[in-house]
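Below is one structure, written out as structure tokens; the observations come after it.
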Number of protein chains: 2
Amino acid sequence: MTVSKTAEKSSEKPGDAAKGRKDATDGQPEALQLGELSEQLGYVLKRAQLKVFENFLRCMASLQLTPAQFSVLLLVEKNPGRNQTEIASTLGILRPNFVALLDNLESRDLCARIRSTNDRRSHILVLTDKGKAVLARAKKLVATKHEARLNELLGQANREALLGMLSKIANEF
Amino acid sequence: MTVSKTAEKSSEKPGDAAKGRKDATDGQPEALQLGELSEQLGYVLKRAQLKVFENFLRCMASLQLTPAQFSVLLLVEKNPGRNQTEIASTLGILRPNFVALLDNLESRDLCARIRSTNDRRSHILVLTDKGKAVLARAKKLVATKHEARLNELLGQANREALLGMLSKIANEF
DNA sequence: TATAATTGTTATGGACCATATCAAATATCG
DNA sequence: CGATATTTGATATGGTCCATAACAATTATA
């Protein structure tokens, strides 16, 4: 299969260069070739993560919860009575950076710091009633708007397989 | 190494609370329950992404290339003769933030900005010889150290399935 | 030709992440 | 017991990445 006879090497491959791209006279700007980039797991992983977070924020707009805040509420609900260091470290948040995050949640009356009676250095974390209520609504939003859309896109089985592989990477890589 | 056998059992449920966790007398700090967090795709996705980037940086330590820098080199190699706006935007990098990134690569003589003769506003991007050589070595490192480890962890078929699903999310979500 | 749009760039502010340091409280050990 | 070390929450600070506004030079458009 001989492709073309005259214009074989004569320029106009998608990215030729400084002398001859005429978008003005021509048509579209000719999309770039991603090439090996689309095979790089790190690249695709990052882009997918950004999309998922973006969608998460949209779904949670009415509750004004970021992914990090949501994860804190979830973890405190599941582990009431733990202190800041424990909650922060299992989320991979450094203690200094956890302070402002908690200040925010506490100022919105979603969770509370309680001085521990055992160890008066530490602050025990608990959800307030409002925090529990907001979290319940957040869970519903995530399930119906966020995760549902992922299921729709990938299918239930694929979504679970994806979760399993990502967990493996997160834990064993 | 005398193991005290008296305080073996403490009858504490994992998250009991402010009245009675005695790590001092007891054993381990009792790991927290992730609960629904481990089912949140966004959470697992983010953690996996961090792990993958971290490993990428380790593999590239000898070449001092970040994921972003590597992606720029890959894209410029595949699309020589494009300007900054085109390269940056297909990578999701805003033009202002792309300047410093390019300054870095250019100062290391990995790529070059060339004033276009068509449009003297734009800078055409090309890899230098050194840039091509470094990128070739980088590709080898990524293939043998980075992606190989992922294949080892997931298996070839699963790795490809993972890539496919992430691409779907990145593009269609 | 006058006006609008584009390109690379600078300046700037916000969000997130990491380290050092501190006071208060507790643990450890002589 | 008491001196020292460690832990906890907190502050200060710096780095990186991300986003917006603005600008000069250049090009496109009305």
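The values are calculated or read from the model by the stated rules, or taken from the named source; none is laboratory data. Given the structure is predicted, the values throughout are model-derived calculations rather than measurements. As a convention, Cβ positions derive from the backbone with ideal geometry for all residues, glycine included, and neighbour counts pool all protein chains shown. Surface areas here come from the heavy atoms of the whole protein model, side chains and all, with no ligands, DNA or RNA. Shrake-Rupley method; radii C 1.70, N 1.55, O 1.52, S 1.80 Å.
Other chains' Cβ within 10 Å of B:80-90 residues: what's the mean?
Rounded to a whole number, the mean comes out at 3.
Report the Cα centroid-to-centroid distance between segment A:105-120 and segment B:67-110 in angstrom, as an integer.
For segment A:105-120 versus segment B:67-110, the Cα centre distance is 47 Å.
With a 1.4 Å probe and all protein chains in place, put B:ARG58, A:ARG120, A:ARG108, B:ARG159 in order of accessible area, largest first. Each step should come with its number before you reach the end.
On the way: B:ARG58 135, A:ARG120 185, A:ARG108 60, B:ARG159 25 Å².
Correct descending sequence by accessible area is A:ARG120, B:ARG58, A:ARG108, B:ARG159.
Mind giving me the FRET efficiency for B:ASN97 and B:GLN156? R0 is 25 Å, r the Cβ-Cβ distance, nearest 0.05 is fine. List each step's numbers first, then the result.
Details: r = 36 Å, r/R0 = 1.43.
Plugging the Cβ-Cβ distance into 1/(1 + (r/R0)^6) gives 0.10.
Between A and B, buried accessible area summed over both sides at probe 1.4 Å, in Å² to the nearest 100?
Roughly 6700 Å².
For A:GLY131, what charge total do you get from the other residues with a beta carbon under 9 Å from its beta carbon, if Lys and Arg give +1 and Asp and Glu give -1?
0
Against the globular-protein guess of 2.2 N^0.38 Å, express the Cα radius of gyration of segment A:43-172 as a ratio, rounded to two decimals.
That works out to 1.16 for segment A:43-172.
Given the pairs A:LYS51/A:LYS130; A:LYS46/B:LYS145; A:LYS46/B:LYS130; A:LYS78/B:LYS168; A:LYS139/B:LYS46; A:LYS46/A:LYS130, which are separated by over 26 angstrom at their Cα positions?
Details: A:LYS51/A:LYS130 29 Å; A:LYS46/B:LYS145 19 Å; A:LYS46/B:LYS130 28 Å; A:LYS78/B:LYS168 32 Å; A:LYS139/B:LYS46 19 Å; A:LYS46/A:LYS130 34 Å.
Beyond 26 Å between Cα atoms: A:LYS51/A:LYS130; A:LYS46/B:LYS130; A:LYS78/B:LYS168; A:LYS46/A:LYS130.
Taking 22 Å as R0, compute the FRET efficiency from the Cβ-Cβ separation of B:LYS130 and B:LEU57 and round it to 0.05.
So the FRET efficiency works out to roughly 0.55.
So if we plug the beta-carbon distance of A:ASP109 and A:GLU36 into 1/(1 + (r/R0)^6) with R0 = 51 Å, what FRET efficiency do we get, rounded to 0.05? Provide the component values of the computation, followed by the final result.
On the way: r = 50 Å, r/R0 = 0.99.
With R0 = 51 Å, the Cβ-Cβ based efficiency is 0.50.
Just to confirm the numbers: A:THR117, label point 7 angstrom along the Cα-Cβ line, distances to the other copies in nm, shortest first?
Result for A:THR117, in nm, nearest copy first: 8.5.
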